[in-house]
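The values are calculated or read from the model by the stated rules, or taken from the named source; none is laboratory data. None of these values were measured; they are calculated from a predicted model. Neighbour counts are summed over all protein chains in view; Cβ atoms, including those assigned to glycine, are modelled from backbone coordinates with ideal geometry.
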Amino acid sequence: MDWLTKLEQARTEQKKSFILDIIPTSYSELDKALGVWGIPRGKIVEISGHAGVGKTALLLDIVAQAQEHGLNVVYMDLDRKFDAEFAKNRAVKCEDLLVFQPDATKPENTLKALEALMKANLIDLIVFDTISAYGDGITEILQGLAKNIAGTKITILLASQIRQSFEDPRDYNTPYMHLLNQYCNIRIMLKKIESIKHDSILIGKRIAVDVYKNVMAHPRTTEIEIYI
């Protein structure tokens, strides 16, 4: 075996190892903007934006990619809006997805349930849609999640809704934004640029994506198109 063949094999093994440490988002532009070509495992990631911008669609696209890579996903449907048909249309395997509708007034029960799944190695990705539903209990949730995923590859995705924005797109207000900034390793903001239509029929949206906090790489911005 010559040195070139050995080098190619080493690169292949390195690539395989690298892929296992990230979850693709389904959007190459966003994967690139994240600096590691996907959502890094073992981190807490916030996806924020105004209502209707496409947060849930993006979350489900990431869930589909996680399932495609053999990961177990728990979807915390705090807004009670999970649409199985919409999820299936985005390639989510709903039969393999654990969907919970926890009591947002009792965050301790949520943590106990998740801790049991973590200890049994039955969970790789936890999605909260939306995290702000916990109200004042968000502190307990974030502290518990950060503690329990430390040293693991369990990934947390948090959807949060922007309530107020200003001239500077990064100067905005979400519930408990200071806590989120403290506990989230990556913070992503979505902002609609324009609708995408075909023969006057809405088929998607062009979205500006601002990865403005990222412990894995420098902050970056990009654009993606999310289709319905």
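Checking the conditions here, which among Leu122, Leu114, Leu202, Leu145 is part of a loop (DSSP other than H, G, I, E, B) and at pLDDT 90 or above?
From the options Leu122, Leu114, Leu202, Leu145, the qualifying one is Leu122.
Among the numbered criteria (1) at pLDDT 95 or above; (2) farther than 24 Å from Glu95 by Cβ, which single criterion is violated by Trp3?
Evaluating Trp3 over (1) at pLDDT 95 or above; (2) farther than 24 Å from Glu95 by Cβ leaves (1) as the failure.
Output the residues belonging to segment 126-140 that are β-branched (Val, Ile, Thr) and in a helix (DSSP H, G or I). I'd like the intermediate steps shown before the answer.
First, the residues of segment 126-140 that are β-branched (Val, Ile, Thr): 126-127, 130-131, 138-139.
Within segment 126-140, Ile131, Ile138, Thr139 qualify.
Does Ala51 count as part of a loop (DSSP other than H, G, I, E, B), of a type in the set (A, V, I, L, M) and over 18 Å from Asn121 (Cα atoms)?
yes
Listed here are the residues, each with its yes/no results for (1) touching a Pro at 6+ places or on another chain (Cβ under 8 Å); (2) assigned to a loop (DSSP other than H, G, I, E, B); (3) modelled with pLDDT under 95; (4) buried (at least 17 other Cβ atoms within 10 Å of the Cβ).
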residue: Lys16; (1), (2), (3), (4): no, no, yes, no
residue: Ser26; (1), (2), (3), (4): no, yes, no, yes
residue: Glu29; (1), (2), (3), (4): no, no, no, no
residue: Gly42; (1), (2), (3), (4): no, yes, no, no
residue: Val45; (1), (2), (3), (4): no, no, no, yes
residue: Leu58; (1), (2), (3), (4): no, no, no, yes
residue: Val63; (1), (2), (3), (4): no, no, no, yes
residue: Ala66; (1), (2), (3), (4): no, no, no, yes
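Take the residues in segment 198-225 that are surrounded by fewer than 16 Cβ atoms within 10 Å (Cβ to Cβ) and among the β-branched types (Val, Ile, Thr), then tell me which one is farthest from Ile188 (Cα to Cα).
Ile201
Please go through (1) farther than 20 Å from Arg187 by Cβ; (2) touching a residue at least 24 places away in the same chain (Cβ under 8 Å) for Leu60 and return the number of the only condition it doesn't satisfy.
Going through (1) farther than 20 Å from Arg187 by Cβ; (2) touching a residue at least 24 places away in the same chain (Cβ under 8 Å) one by one, Leu60 breaks only (1).
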